Amino acid sequence: MTDLVLENVHKNFGGVVASNDVSMRVPAGRITGLIGPNGAGKTTLINLITGMLSLSSGKVLFGGHDISAEPADRVARAGMGRTFQNIRLQKEASVLANVMIGFHRHETCSLIAAILGLPSSRREDALLRQKAMALLGRFGMAGDADSPAGSLAYGHQRKVEMMRALATDPDLILLDEPVAGMNDVEALQLGRIFRELADEGKAILLIEHNMRFVQELCDHVYVLDGGRLIAEGTPRDVVADPAVITAYLGEE
Ligand SMILES: Nc1ncnc2c1ncn2[C@@H]1O[C@H](COP(=O)(O)OP(=O)(O)OP(=O)(O)O)[C@@H](O)[C@H]1O
């Protein structure tokens, strides 16, 4: 089982402490929520976990291995997929092509074979295409395979990002506001997919402002404020926690 463990993770940007001694556990097979008011340090924490930012101090352990000093590409190859708060798609390329970009990590044929159009490359391409179509089916988007990604509604573009992150079959998936801009029906459909993924053994870390979604879906929730963890527990426990209520009231 590939659990993610943070031990006293600390990050400062000059005088700003964006992550203050944060320890948490994101177990395989579970959906873990990370919430907190604007500027609480949620995205910074994801960037520290995925190697996009370097830690000031502390440790990130993934599957028991210390990945604190690994660069982002190696962390991704170790089995982490992520989506971004701001969608990052190849807007002119088709939905299918965007999802296939995600398979890059598992490609075995050489670039030369691909350029020359050798049979090994063509076979691999057909297999990846098949796998990408299976993902599109899972997300109810098979009919959009050939549409340019940029032509889709915002909620659908978010789904394409998720499929691309899942294409590598990661053990851990980090989702930065996955249901932002989606209606309740779409959010419910995604929630079901996230639960299936957790049941398959993946660890899921979900950053989300939609509290109803967090309450319905998460097994365990951590709450950040000012870079510091102020609460953790079941969704029901954290929303009733006075420190959490005060932090969110301060935001209004
Ligand atoms: N590269 C950076 N340089 C300096 N300060 C930064 C940098 N990145 C983040 N910060 C600061 O760190 C703090 C945490 O920011 P972060 O974006 O992680 O919060 P967040 O919880 O993701 O917020 P939001 O919900 O608005 O996305 C903020 O005070 C922010 O201004």
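Considering the range 214-252 alone, what residues qualify as being basic (K, R) and under 19 Å from I46 (Cβ atoms)?
R228
Quick one: which residue in S110, S54, S68 is modelled with pLDDT under 95 and either surrounded by 18 or more Cβ atoms within 10 Å (Cβ to Cβ) or not basic (K, R) (or both)?
Answer to the selection: S110.
When residues of the range 34-75 are filtered for being of a type in the set (D, E, K, R), more than 16 Å from the ligand (Cβ to nearest atom) and part of a helix (DSSP H, G or I), how many remain?
Of the residues in that region, 2 qualify.
Provide a single number: the residues in the range 219-229 that are out of contact with any strand residue (DSSP E or B) (no Cβ under 6 Å at 6 or more places or on another chain) and buried (at least 21 other Cβ atoms within 10 Å of the Cβ).
2
Taking the range 166-176 on its own, how many of its residues are buried (at least 20 other Cβ atoms within 10 Å of the Cβ) and modelled with pLDDT of 90 or more?
The qualifying residues number 7.
From the list E232, E216, E196, which residue is part of a strand (DSSP E or B), surrounded by fewer than 21 Cβ atoms within 10 Å (Cβ to Cβ) and among the acidic types (D, E)?
Of E232, E216, E196, the one residue that is part of a strand (DSSP E or B), surrounded by fewer than 21 Cβ atoms within 10 Å (Cβ to Cβ) and among the acidic types (D, E) is E232.
Please verify whether A180 is assigned by TED's automatic domain parsing to the domain that holds N38, of a type in the set (A, V, I, L, M, F, W, C) and in a loop (DSSP other than H, G, I, E, B), treating the condition exactly as stated.
For A180, the condition - assigned by TED's automatic domain parsing to the domain that holds N38, of a type in the set (A, V, I, L, M, F, W, C) and in a loop (DSSP other than H, G, I, E, B) - is met.
Is there a residue in the range 177-191 that is touching a residue at least 60 places away in the same chain (Cβ under 8 Å) and farther than 19 Å from R88 by Cα?
No: the range 177-191 contains no residue that is touching a residue at least 60 places away in the same chain (Cβ under 8 Å) and farther than 19 Å from R88 by Cα.
Only residues that are hydrophobic (A, V, I, L, M, F, W, C) and under 22 Å from the mean Cα position of the chain (by Cα): list them for the range 217-237, please.
L217, C218, V221, V223, L224, L229, A231
Suppose we filter V17, V9 for residues that are in contact with a His (Cβ under 8 Å, 6 or more places away or on another chain) and either in a strand (DSSP E or B) or within 14 Å of the ligand (Cβ to nearest atom) (or both); which single one remains?
Result of the check over V17, V9: V17.
Suppose we keep only residues that are assigned to a strand (DSSP E or B) and more than 14 Å from V60 (Cβ to Cβ) within the range 22-33. Which one would you say is nearest to the ligand (Cβ to nearest atom)?
Across the range 22-33, the extreme among qualifying residues is G33.
Give the range 235-249 a look and list any residue that's out of contact with any helix residue (DSSP H, G or I) (no Cβ under 6 Å at 6 or more places or on another chain), surrounded by 15 or more Cβ atoms within 10 Å (Cβ to Cβ) and assigned to a helix (DSSP H, G or I), or say none.
Listed by number, the residues that qualify are V239, A247, Y248.
From G63, G33, grab the single residue that is surrounded by fewer than 17 Cβ atoms within 10 Å (Cβ to Cβ), of a type outside the set (D, E), assigned by TED's automatic domain parsing to the domain that holds L229 and touching a residue at least 60 places away in the same chain (Cβ under 8 Å).
Going through G63, G33 in turn, the sole match is G63.
The values are calculated or read from the model by the stated rules, or taken from the named source; none is laboratory data. Note that the structure is predicted; figures quoted are calculated from it, not measured. Cβ sites come from the backbone with ideal geometry, for glycine too, and all protein chains shown count toward neighbours.
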